[in-house]
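Right, one structure below, let's go through it.
What follows is calculated from the coordinates using simple rules that are stated; it is not laboratory data. Just so we're clear, the structure is a prediction, and the values are computed from it rather than from any experiment. Cβ sites come from the backbone with ideal geometry, for glycine too, and all protein chains shown count toward neighbours.
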Amino acid sequence: MTVINTPSAEHADSPRPGSPVWIALRNLGISALIIAALALIVSFLLLPVAKAQGKGELRIGYQKSASLFVLQKAQGTLEKKLAPLGFGVKWVEFPAGPQLLEGLNVGAVDVGYVGEAPPIFAQAAGAKFVYFGYDPAAPRAEAILVTKDSPIKSVADLKGKKVALNKGSNVHYLLVKQLEKNGLKFTDIQPVYLAPADGRAAFESKNVDAWVIWDPFQAAAEKATGARVLADGSPGVVNNYQYYLGARDFVAKNPKVIQALFEDSVTQGIWLKKNIRQAAELIGPLQGLPVDVVELAL
């Protein structure tokens, strides 16, 4: 996770994926989360004093696929981190990014974590929020899947086929870009808009010809059904960044809360990388997935 923006610090320099600073830090073995902490400290030093909202509750919008948030929820570490600030935590689950951003826009949550495509649609519709962090690109963490016995061998073979996807999500963008790369338009396929759980059911029952999905659901389909990856975001098709967003007023008035969120994410992210099996055992039940599938996705 790397801070990219905070109120009144929009031009603060933070390491970005692909930049010389980012590459140097990663080559030294410093994780993205640690880079985030360093960038966050710099950014918050640039913040003017804002009128705090006082004691209250941090409402976090999350998806089951956001494994780090799910781990933090399972361990209760953020609640302990925020207690000295007089803040509690409320975890609000959403099926996908577009629904989460709708919740952020109407004031149902204060912060959230989504892919790169949903915020574009939300901003086009007039949503008001700020970006305050991002994770490194993960182009292979989403893919177009087909069943193991499918006659479809290439993206070009999707012409005229039914393709399940979550509308307005990162995989929507992935599908558009892969179709373009292979000489097809979006109108050349039959999109079937389904949330992840419904998409998997349609895919396994072969009511659709392909399914565009992200991890850990991608890993689950590959392991459980032998699904084949037809194409993913690499090389250079999509970046698949994940962004941390917040309600502008909340982020501006509660910098210590946002900083505590980042610090806990740093700590838990490092612990996860050192204890992947144990983390999977905590995350799996909350994601409704087998531990070995979650371990594979992590």
Checklist entry - Taking H as built 1.01 Å from N, whose amide H comes closer than 5 Å to the amide H of Tyr134, not counting residues under 5 places away? => result Thr2, Val3, Ile4, Tyr244
Next on the checklist: How far apart, in nanometres, would the label points at Lys153 and Ala197 be if each is projected 7 angstrom from Cα along the Cα-to-Cβ direction?
Outcome noted: 3.8 nm
Item to check | 3J(HN,Hα) from dihedral phi, segment 133-138, Karplus parametrisation 6.51/-1.76/1.60, rounded to Hz, x for glycine, proline | outcome: x, 8, 9, x, 4, 9
Next on the checklist: Going by amide H atoms built from the backbone, whose H comes under 5 Å of the H on Leu230, apart from near neighbours?
Outcome noted: Ile144, Leu145, Val146
Checklist entry - In nm, to one decimal, how far is the modelled label at Ser234 from the one at Ala108, with both set 7 Å along Cα→Cβ? => result 3.6 nm
Checklist entry - By a straight-distance test (C-alpha under 18 Å), which lysines pair with Lys162 as possible cross-link partners, with residues fewer than eight away in the same chain excluded? => result Lys148, Lys153, Lys177, Lys185, Lys206
Checklist entry - Along the principal axes of its C-alpha atoms, what lengths does segment 43-181 span, in descending order and rounded to whole Å? => result 59, 34, 27
Next on the checklist: Can you give me the long-range amide H partners of Gly88? Hydrogens built in the peptide plane at 1.01 Å from N, cutoff under 5 Å, separation of 5 or more residues or another chain.
Outcome noted: Gly56, Glu57, Leu58
Checklist entry - Of the peptides 78-85, 216-223, how do they stack up when ordered by the mean number of other Cβ atoms within 10 Å, highest first? => result 216-223, 78-85
Checklist entry - Taking only the alpha-carbon positions of segment 142-232 and ignoring solvent, what does the Debye formula give for the base-10 log of I(q)/I(0) at q = 0.13, 0.15, 0.26 Å⁻¹? => result -0.33, -0.45, -1.54
Checklist entry - What's the exposure ranking of Asp149, Asp249, Asp135, going from fewest to most Cβ atoms within 10 Å? => result Asp149, Asp249, Asp135
Checklist entry - Tell me, what HN-Hα J-couplings in whole Hz come from the Karplus equation 6.51 cos²θ - 1.76 cosθ + 1.60 at θ = phi - 60° for each residue of segment 290-298, using x for Gly and Pro? => result x, 4, 5, 5, 5, 4, 5, 5, 6
Checklist entry - Spin-label point model (7 Å from Cα, Cβ direction): what's the Ala124 to Gln75 distance in nm? => result 3.8 nm
Checklist outcome for this item: Dividing the mean separation of Cα pairs under 8 Å (6+ apart) by the residue count of segment 164-236 yields a relative contact order in percent of 39 percent
Checklist entry - Based on the Kirkwood radius over alpha-carbon pairs, what value in µm²/s does the Stokes-Einstein equation return for the translational diffusion coefficient of segment 212-298 at 25 °C and 0.890 mPa s? => result 158 µm²/s
